[in-house]
Structure formats: C-alpha cells, structure tokens
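Report on the structure given below.
The values are calculated or read from the model by the stated rules, or taken from the named source; none is laboratory data. Just so it is clear, the model here is predicted, and its values are computed rather than measured. Heads up, the Cβs are rebuilt from the backbone with ideal geometry, glycines too, and the neighbour counts pull from every protein chain shown.
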Amino acid sequence: MFQIPSELQWMKYHKWSTELNTDILHLQAGGTHIIILDKYEVAVDLLETRSSLYSGRPRMVMITELLGWDFSFGFSDYGEYVSHSVKLIKLIFHSDTNQAIFGMRKHRRLAHQSMQATAIKQYRPHLAQATRKLLKRLLDDRDDGNLIPHLKWLASEVIMSIAYGIQIQQENDPYVDLAEAAVQGVIIAGVPGRFLVETIPILKYVPAWFPGASFKRKAHEWYKMTRAMESGNPTVSILRTNLEKIEAGEKDDAFTEDVLRNTLGALYAAGSDTTVSTMTTCILGLLEHPEVLKKAQMQLDSVVKPGHLPDLDDKPSLPYITAIMKEALRWRDVTPIGVPHALSTDDEYKGYHIPAGTIVIANQWAMLHDENVYTNPFEFDPDRFINPETGKIDYSRARDPEHACFGFGRRICPGRFMALESLWLSIASLIATFDIEKAKDKVTLPSGEEVERTVELTHEYDAALVV
C-alpha cells in the first residue's frame with residue numbers, strides 16, 4: 001500500500017511498466033485491485049471497446065464524501081445498478097434513489113447535447129468576445145510578465161458567459177474566486193494515491209485534530225467552497241434556455257433544475273483548469289522555440305486579412321495553429337493520470353483475469369510520451385503533426401493526442417469540443433497579436449531537464465509580450 005506514490009505517479013507507473021515489460025500494471029492496496037494501463041491501444045480495448053464494463057467510478061472518499069462533489073457527473077458511478085435484478089430495478093423506480101442512480105446518465109446526456117460539435121457554433125460569439133477581452137487585458141498589462149491571472153480570467157469568462165450568461169468582473173469576481181477555490185481542492189484531491197483515506201476509507205471518521213489527519217482539515221475548507229459554489233443560482237444562457245423549456249413543458253423530464261445546476265457546475269470544474277494549463281504550456285513551448293512562433297505568424301499573415309483577427313472560420317486554412325494546439329495538449333498534458341474507472345463485472349483480457357471492482361487507471365502521460373508514436377516525445381514540436389509535402393495535418397505521422405487527453409469510452413469529456421474551439425481561437429489570436437519573448441530581469445525558464453521530468457512547472461516563469 002505504501003509503495004503507491006503520492007507524487008508524479010504517472011512517471012513511477014510508467015517506470016514500473018517498462019521494467020516489468022507489461023502494458024498492464026497490477027497493484028493492490030488494502031485489498032483493492034488496481035490496474036494501470038500504459039499503452040493507448042490497451043486503453044481503447046478496455047475503456048472504449050468494453051465500455052459497458054469499464055465505465056463505473058470507484059469510491060472517491062476525498063472528492064465525493066469529504067469535499068462534497070457528489071453532485072458532479074464526472075465522479076458519479078455509471079449505471080451501477082443497471083445489471084441488478086428486476087426486483088431491485090422495480091424498487092429503484094419507487095424510491096428516491098432513482099435520481100442518485102440514473103442521474104449521472106441525465107447529466108451526461110445534457111452535457112453532450114449542449115456541447116456536441118454542431119451545437120458549439122452558436123457559442124462562437126461568446127468565444128470571440130472573451131478572446132478579444134483577453135487581448136485587451138494582455139495589451140494593458142504586457143509589462144507585468146505574469147500571464148497566468150489573465151489566462152484564468154479567460155477560462156472563467158468563457159465558461160461563465162456560455163453556461164450562465166454572467167459577464168465576470170475584470171478583477172476579484174466573486175463567482176470566479178469561489179469556483180476557483182472549490183476546483184483547486186478537486187485538482188489536489190483527485191490524484192490517485194495522494195491521500196491514504198482513499199485506501200482506508202474508515203479514516204474519514206478520524207477527528208480533524210488527530211495526528212496525521214491534516215487531510216480532514218483540508219477537506220473541510222474545500223467542502224465549504226464546494227457547497228457555496230453549488231448553491232449559486234444564475235439563470236441565463238444554457239441554464240436559462242433549459243429552465244424555460246422545463247417551465248413550458250418542452251424539455252425531457254430527465255432534465256430537472258437540479259440536473260441543470262449540477263451539470264453546469266461540473267463543466268466549470270472540468271473546463272477551467274484545462275484552458276489555463278494548455279495555454280500556459282503553449283506559451284512555454286513558444287518561448288523555448290521562437291522559430292515555431294515565427295512560422296505560425298507567417299501562416300497567419302498569409303491567411304488573415306490585415307487589420308483583422310483570426311476567427312474559427314479560418315481554422316481549415318491554418319493547420320499550423322492546430323498543430324501547435326495539439327502539441328501543447330500532448331507535451332504537458334493537463335491530466336497525466338485519468339480519472340479512475342471501475343470494472344462492474346469480472347473480465348478476461350489477454351490471459352489476465354480482472355475481478356469486478358478493480359480500479360482501472362489510464363496513464364495518459366505514458367501514452368502521450370510513447371517514443372514509438374512520438375519521436376523525441378519530450379520536445380515541443382508541432383511539426384510532428386504536419387505533412388511536409390502538403391503542409392496539412394497528418395495524424396499518420398503522429399497520433400492525434402486528443403484521443404488520450406479527454407478520456408475514453410462513455411467517460412470521454414463531453415465539453416471537449418468547446419475546449420478545443422476556445423483553445424484554438426485563443427492561441428491563434430495571441431500569436432497573431434503579439435511576439436512572445438523571455439522576460440528580462442525575471443525568473444528564468446525551467447531547464448529542459450525539468451520540463452522532461454515533470455508535467456508540473458517546478459519554477460514560475462515570466463513572458464514578455466511585444467506588439
């Protein structure tokens with residue numbers, strides 16, 4: 001149990017898989033079986049091809065029981081009672097557990113309907129407006145060098161305006177501050193193995209003052225933030241549209257007000273950190289490789305009219321911007337370890353017997369840094385996705401990293417289309433407007449060795465924007 005790492009698990013798991021020459025690493029903690037999937041093909045075989053078996057969620061004590069994120073469909077079990085007897089199903093239909101058991105499907109269906117690729121186009125004006133506001137903020141504050149607050153503002157502005165219709169304040173917005181605090185707790189608590197209470201759930205009953213129970217004090221603070229965020233009641237945009245349909249009797253009965261509120265809260269949690277982390281990674285890559293920045297600017301100049309900013313209609317003509325975005329997603333992936341799945345019934349795979357209840361974790365970091373798929377995987381190199389003869393995207397040269405970034409099977413992120421559109425437009429607009437240089441007299445960039453070692457920045461860095 002105590003050999004399971006609490007930091008940089010993805011690297012340790014990959015190291016063990018390599019040493020043991022296996023794509024499926026088996027661990028055991030407190031009587032619970034855990035398997036780590038080191039290869040993309042294995043993850044597809046199990047989590048997608050057999051998604052009916054592998055779409056559950058294990059018990060997440062910190063996140064759902066101590067932090068209060070039991071309302072989030074991302075952490076809810078997937079039809080955990082679907083295979084039960086007719087008698088149990090009949091009982092479910094006549095009890096309050098119906099919402100708890102089948103609610104997850106309702107949440108995901110609503111999220112997918114609101115965020116599918118064709119539906120995203122109606123939200124493009126929101127994305128364009130938020131991106132232009134970001135550029136203005138960066139222009140006004142370009143000498144500061146710290147871009148992170150502005151990128152966080154962008155992520156919040158996009159999600160809040162689309163989901164709730166809220167135009168957030170330029171500084172110290174109460175909605176954003178509250179949601180940010182709640183989400184940070186999930187990011188920390190969501191790392192498998194970080195807290196012993198996940199392995200020994202009875203520890204959740206230990207008093208907060210008890211030696212070694214610091215997790216309880218942290219959970220209490222995060223719980224307060226979660227409940228405050230959940231109780232918010234903005235009533236416009238996606239939320240308003242669907243509430244009006246409910247009141248008019250035009251909406252699927254599954255989409256109750258609770259389902260709407262909970263779904264949108266979960267979308268904020270999923271989307272905010274993805275945008276900030278990927279944009280930060282992109283800027284770091286451009287700082288390290290100014291030739292990539294110049295090449296992208298040349299392509300933008302050849303496509304976008306003088307005096308105009310790029311928009312999403314330009315995307316087919318700007319494959320290098322797409323390549324930069326995909327490389328940022330791959331190079332320093334936002335979620336190196338996927339949210340754990342749970343196996344609902346016994347299974348057999350390549351001679352392995354996998355018992356029901358096994359926790360299944362996709363090592364997305366290993367998949368996105370597979371040397372057999374990506375040449376020099378620790379290098380930031382958007383050209384790996386470009387066919388040198390046609391100048392177009394060619395995923396036969398290097399697999400599209402999107403497949404491993406957003407989850408697998410029924411658990412794939414329903415907001416991925418929105419995230420990709422927002423990222424693409426932000427990256428294109430930033431490159432079209434500014435040169436990006438290493439800030440003078442500021443903290444230096446992390447060394448190349450540090451970039452290779454960890455997905456997390458070991459030092460802060462500053463970038464100068466030049467118009």
Subject >> Complete set of residues in the stretch 293-346 that are buried (at least 22 other Cβ atoms within 10 Å of the Cβ), among the hydrophobic types (A, V, I, L, M, F, W, C) and in contact with a Gly (Cβ under 7 Å, 6 or more places away or on another chain) >> reply: Ala328, Trp331, Leu343
Subject >> Test: residue in the stretch 409-422 that is among the hydrophobic types (A, V, I, L, M, F, W, C), in a loop (DSSP other than H, G, I, E, B) and at pLDDT 95 or above >> reply: no
Original post:
Out of all the residues in the stretch 52-75, is one or more in contact with an Asp or Glu (Cβ under 9 Å, 6 or more places away or on another chain), surrounded by fewer than 17 Cβ atoms within 10 Å (Cβ to Cβ) and at pLDDT 95 or above?
Top reply: no
Original post:
What about Tyr320, is it touching a Leu at 6+ places or on another chain (Cβ under 9 Å), at pLDDT 95 or above, hydroxyl-bearing (Ser, Thr, Tyr) and in a helix (DSSP H, G or I)?
Top reply: yes
Original post:
If you go through the stretch 361-393, how many residues are under 23 Å from the mean Cα position of the chain (by Cα) and among the polar types (S, T, N, Q)?
Top reply: 2
Original post:
Within the set of pairs 6 or more residues apart or between chains, which connect a residue that is farther than 22 Å from Lys121 by Cα and hydrophobic (A, V, I, L, M, F, W, C) inside the stretch 297-315 to a residue that is outside any helix (DSSP H, G or I) and modelled with pLDDT under 95 with Cβ atoms less than 6 Å apart?
Top reply: none
